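Below is one structure, written out as structure tokens, with a few remarks after it.
The values are calculated or read from the model by the stated rules, or taken from the named source; none is laboratory data. Keep in mind the model is a prediction, meaning the values are calculated, not measured. As a convention, Cβ positions derive from the backbone with ideal geometry for all residues, glycine included, and neighbour counts pool all protein chains shown.
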Amino acid sequence: MGAIVAEKLAKRFGNVHALEDVSFKVSKGELFGFLGPNGAGKTTTINILTGLARPDTGAISISGIDCTHSPKAAQGLIGVVPDESNLYPELTGFDNLCFCASLYGLKKSDRVSRAAELLRSLGLAEAASRKFGGYSKGMKRKLTIAAGIIHNPPILFLDEPTTGIDVASARQIRQLISGLNRSGTTILLTTHYIEEAERLCSRIAFIASGKIIKTDTIENLIQPAKEKNVMEITLSKRAKISFESMASAFPNLSLSCPEDGRIRVESGEPIRAGVLVRYLEENGHEVMEARRIHPSLEDVFVRITGIEAGAMKKEREKSIL
Amino acid sequence: MKTWIAFWNIILKDMRAYYLKPPNISWGIIFPLAWTGMFFIRSGGGFDGVLDLLPGLMAISILFGTTSMLAVTVTFEKKGKSFDRLLLAPIPLGVLMLAKTSGAIVFGIANAFVPVAMACFFFDLSRVGWLTALPAVILIAVSSTFLGLFIAVSVSEVFEAQTFSNFFRFPMIFLCGLFFPIERLPFFIKPLSYIFPLTYGADILHGAFNRAHIMPLGLDFVLLGAFCVFLFLWSYRNIKKRWIM
Ligand SMILES: Nc1ncnc2c1ncn2[C@@H]1O[C@H](COP(=O)(O)OP(=O)(O)OP(=O)(O)O)[C@@H](O)[C@H]1O
Ligand SMILES: [Mg+2]
């Protein structure tokens with residue numbers, strides 16, 4: 001039995017096909033990633049699964065409960081962290097958390113202790129009695145995440161948890177997410193940071209234009225790319241290299257030059273760095289570095305979806321470590 | 001039990017966040033005071049004049065108090081997306097809507113007693129049929145709140161909610177027999193009066209204060225109750241259709 005099962009979900013807004021035939025299954029205890037560019041349909045999928053929107057067609061089950069026609073049926077089992085930090089600006093951080101806990105029927109003593117615990121673990125204890133409206137963006141994000149997990153839901157939906165916040169906070173949030181997953185929470189996370197998906201998720205669905213293009217484990221996704229060996233060689237000067245003579249010296253390697261002074265070597269066989277370096281030095285080049293390139297999820301994503309990771313990459317660079 | 005914890009805390013949160021804020025408290029007092037003062041001075045009448053005026057003043061205070069609150073507690077929260085939290089909570093939609101409106105109902109009832117409290121200082125109000133007036137005040141507060149809810153869920157911007165509710169509120173002052181009997185309205189406008197629940201509420205109050213009702217009080221109560229149910233169900237349907245897309 002899957003914790004989250006979506007079958008053939010479709011949703012239109014006027015002429016926009018937000019989702020077309022989206023099916024996937026998240027097992028209990030899994031951390032499943034939904035990776036796709038802006039407008040791919042990630043938020044729409046979450047809204048449908050959590051009961052904020054109705055699918056035009058398709059079926060949903062959460063923890064074995066059929067939620068297609070009664071979206072309220074499983075709402076006690078799920079926690080949701082929306083893409084926007086939507087707590088009450090006029091309430092303090094602490095009161096916001098206590099209020100959210102009360103919506104799930106927690107007793108007063110539990111509300112208070114749980115709110116205090118979360119504020120402490122997210123480093124917001126100092127700001128507990130300040131109004132949410134006055135929080136910084138990162139603080140708002142953290143409190144919104146705290147509000148989503150205040151009732152210890154076994155299933156958690158996270159819509160772009162780290163978008164728009166600084167590197168340190170993003171790392172803290174990722175640690176929190178991993179921790180929740182280790183302690184047994186099933187998590188569906190959407191993101192457009194490829195790095196984040198690669199680091200956190202065990203399985204990933206690529207989504208673009210409302211369709212799931214591929215779903216698999218990270219290892220399986222990267223495997224085909226791994227079968228190819230890639231090496232990059234950096235020369236001391238941005239010198240021009242005579243490719244023809246090099247290519248004829250190494251007929252079973254495929255060579256390219258991404259920029260002056262750099263050579264990219266690809267082969268189905270293991271690449272012997274020593275031979276290449278010796279050849280280049282004998283031909284008057286000074287080699288600074290020869291490095292094996294590990295295939296990344298990004299390569300796979302670009303190859304499978306055909307979407308240049310440009311826009312997504314720019315954001316990603318902000319978020320790395 | 002869990003649903004009750006949620007229900008009660010939604011009311012408490014709205015009280016703290018909106019109703020008990022100084023601007024609202026003072027608005028809730030000043031507005032009825034201003035109306036009351038204006039009419040008392042204008043009419044300059046004695047005791048009978050007051051019994052004529054109070055029903056209208058109470059009704060208008062409730063109407064404006066309740067409808068203006070819903071634009072904040074519902075439309076504003078929907079706009080800021082915090083309303084989604086409530087829709088995500090494991091509580092039935094009907095209970096959620098009752099929780100969101102209860103605060104406004106209580107606020108409206110409190111508003112109704114501002115003119116009464118003022119009149120108390122100068123006149124003896126013991127002749128008033130409070131056993132009839134009290135349930136009427138409650139039902140007027142409920143129906144006005146649900147009218148506000150109906151408006152709040154039909155729009156998406158706070159200013160639209162305000163404009164739209166004025167579209168109802170100002171005509172209602174004249175059409176619902178608050179300050180003069182609807183018999184005095186031109187015959188072609190008269191039917192309009194009967195589509196507003198406030199007409200029946202005001203009629204009950206006139207009956208309780210002055211025995212000046214024009215319809216049987218039982219019928220007034222039934223119709224007022226029916227309006228409450230209808231407006232609630234209509235808003236329920238609207239929320240389901242428009243907000244859970
Ligand atoms: N309420 C709505 N009305 C009209 N169109 C909508 C609505 N919600 C979503 N859409 C459209 O559906 C498509 C998918 O939107 P969605 O918000 O699910 O994307 P997303 O993957 O979450 O993107 P992002 O990364 O920007 O958050 C978009 O084309 C969007 O314009
Ligand atoms: Mg989104």
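Tally time: how many residues in region A:73-88 are within 20 Å of the chain's Cα centre (by Cα) and within 16 Å of ligand 1 (Cβ to nearest atom)? Spell out the reasoning first.
So in region A:73-88, the residues within 20 Å of the chain's Cα centre (by Cα) come out as A:78-85.
From what's left, within 16 Å of ligand 1 (Cβ to nearest atom): A:80-85.
Qualifying residue count, region A:73-88: 6.
What is the residue count in region A:56-72 for residues that are touching a residue at least 60 places away in the same chain (Cβ under 8 Å) and among the β-branched types (Val, Ile, Thr)?
1
Pick out, from region B:144-245, the helices (runs of 4 or more DSSP H) lying fully within it that include 3 or more residues that are under 16 Å from B:ALA133 (Cα atoms) and not polar (S, T, N, Q). Walk me through it before giving the result.
Details: elements: B:158-175, B:190-193, B:197-210, B:217-238.
Where helices (runs of 4 or more DSSP H) fall fully within region B:144-245 and carry at least 3 residues being under 16 Å from B:ALA133 (Cα atoms) and not polar (S, T, N, Q), they are B:197-210, B:217-238.
Of the conditions (1) farther than 30 Å from B:THR163 by Cβ; (2) touching a residue at least 24 places away in the same chain (Cβ under 8 Å), B:PHE39 fails just one. Which one is it?
It is condition (1) that B:PHE39 fails.
Suppose we filter region A:69-105 for residues that are within 7 Å of another protein chain (Cβ to nearest Cβ) and not hydroxyl-bearing (Ser, Thr, Tyr); how many remain? Break it down stepwise before answering.
Just the residues of region A:69-105 that are within 7 Å of another protein chain (Cβ to nearest Cβ), to begin with: A:72, A:75-76, A:80, A:82, A:84, A:86-88, A:90-91, A:99-100, A:102-105.
Narrowing further to those that are not hydroxyl-bearing (Ser, Thr, Tyr): A:72, A:75-76, A:80, A:82, A:84, A:86-87, A:90-91, A:99-100, A:103, A:105.
Selection size over region A:69-105: 14.
Okay, residues lined up against (1) buried (at least 17 other Cβ atoms within 10 Å of the Cβ); (2) modelled with pLDDT of 95 or more; (3) outside the structural domain of A:LEU188 (by TED's automatic domain parsing):
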position: A:LEU52; (1), (2), (3): yes, no, no
position: A:GLY64; (1), (2), (3): no, no, no
position: A:SER70; (1), (2), (3): no, no, no
position: A:GLY79; (1), (2), (3): yes, yes, no
position: A:PRO82; (1), (2), (3): yes, yes, no
position: A:SER85; (1), (2), (3): yes, no, no
position: A:LEU91; (1), (2), (3): yes, no, no
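So for region A:29-39 (the condition being under 24 Å from B:LYS81 (Cβ atoms), touching a residue at least 60 places away in the same chain (Cβ under 8 Å) and within 12 Å of chain B (Cβ to nearest Cβ)), does at least one residue qualify?
No - not one qualifying residue is present in region A:29-39.
Quick check, is A:THR45 surrounded by 17 or more Cβ atoms within 10 Å (Cβ to Cβ), more than 10 Å from chain B (Cβ to nearest Cβ) and in contact (Cβ under 8 Å) with a residue 60 or more places away in the chain?
Against the criterion (surrounded by 17 or more Cβ atoms within 10 Å (Cβ to Cβ), more than 10 Å from chain B (Cβ to nearest Cβ) and in contact (Cβ under 8 Å) with a residue 60 or more places away in the chain), A:THR45 qualifies.
From B:SER26, B:SER61, which residue is farther than 26 Å from A:ALA53 by Cα and crowded, with 22+ Cβ neighbours inside 10 Å?
Of the residues listed, the single one that is farther than 26 Å from A:ALA53 by Cα and crowded, with 22+ Cβ neighbours inside 10 Å is B:SER61.
Checking A:ALA40 against (1) of a type in the set (A, V, I, L, M, F, W, C); (2) within 14 Å of ligand 2 (Cβ to nearest atom); (3) farther than 20 Å from A:PHE301 by Cα, only one condition comes out false. Which one?
(3)
Take the residues of region A:213-224 that are of a type in the set (Val, Ile, Thr) and not in a strand (DSSP E or B): which is modelled with the highest pLDDT?
A:ILE218
Please find, among A:LYS131, A:LYS140, the residue that is within 14 Å of another protein chain (Cβ to nearest Cβ) and touching a Pro at 6+ places or on another chain (Cβ under 8 Å). Quick ask: steps written out before the conclusion?
Numbers: A:LYS140 fails: touching a Pro at 6+ places or on another chain (Cβ under 8 Å).
Answer to the check: A:LYS131.
Of all residues in region A:1-21, how many are over 18 Å from A:PRO71 (Cα atoms) and more than 14 Å from chain B (Cβ to nearest Cβ)?
5
Which members of region B:70-98 meet the condition of being more than 10 Å from chain A (Cβ to nearest Cβ) and either crowded, with 24+ Cβ neighbours inside 10 Å or modelled with pLDDT under 90 (or both)?
B:LEU70, B:ALA71, B:VAL72, B:THR73, B:VAL74, B:THR75, B:PHE76, B:LYS78, B:LYS79
Within 14 Å of chain B (Cβ to nearest Cβ), over 23 Å from A:ASP110 (Cβ atoms) and surrounded by 15 or more Cβ atoms within 10 Å (Cβ to Cβ) - does that describe any residue in region A:159-179?
Applying the first criterion (within 14 Å of chain B (Cβ to nearest Cβ)) to region A:159-179 yields A:159.
Now narrow it down to the ones that are over 23 Å from A:ASP110 (Cβ atoms): A:159.
Still in the running and surrounded by 15 or more Cβ atoms within 10 Å (Cβ to Cβ): A:159.
Looking for residues that are within 14 Å of chain B (Cβ to nearest Cβ), over 23 Å from A:ASP110 (Cβ atoms) and surrounded by 15 or more Cβ atoms within 10 Å (Cβ to Cβ), one finds at least one in region A:159-179, hence yes.
Looking at (1) at pLDDT 80 or above; (2) in a loop (DSSP other than H, G, I, E, B); (3) not hydrophobic (A, V, I, L, M, F, W, C), can you tell me which one A:PRO258 breaks?
(1)
Hey, could you check region A:105-140 for residues that are surrounded by 20 or more Cβ atoms within 10 Å (Cβ to Cβ) and in contact with a strand residue (DSSP E or B) (Cβ under 9 Å, 6 or more places away or on another chain) and say which is farthest from A:ASP83 (Cα to Cα)?
Out of the qualifying residues, it is A:ALA127.
Is it the case that region B:159-171 has a residue that's at negative phi and either touching a Phe, Trp or Tyr at 6+ places or on another chain (Cβ under 6 Å) or modelled with pLDDT of 90 or more (or both)?
Within region B:159-171 (the criterion being at negative phi and either touching a Phe, Trp or Tyr at 6+ places or on another chain (Cβ under 6 Å) or modelled with pLDDT of 90 or more (or both)), the answer is no, since none of the residues qualifies.
For region B:49-57, check the following and say yes or no: at least one residue is surrounded by 21 or more Cβ atoms within 10 Å (Cβ to Cβ), more than 14 Å from chain A (Cβ to nearest Cβ) and among the small types (Gly, Ala, Ser).
yes
Residue check, A:SER113 against (1) more than 9 Å from chain B (Cβ to nearest Cβ); (2) more than 17 Å from A:THR144 (Cβ to Cβ); (3) not in a helix (DSSP H, G or I), all met but one. Which one?
Failing condition for A:SER113: (3).
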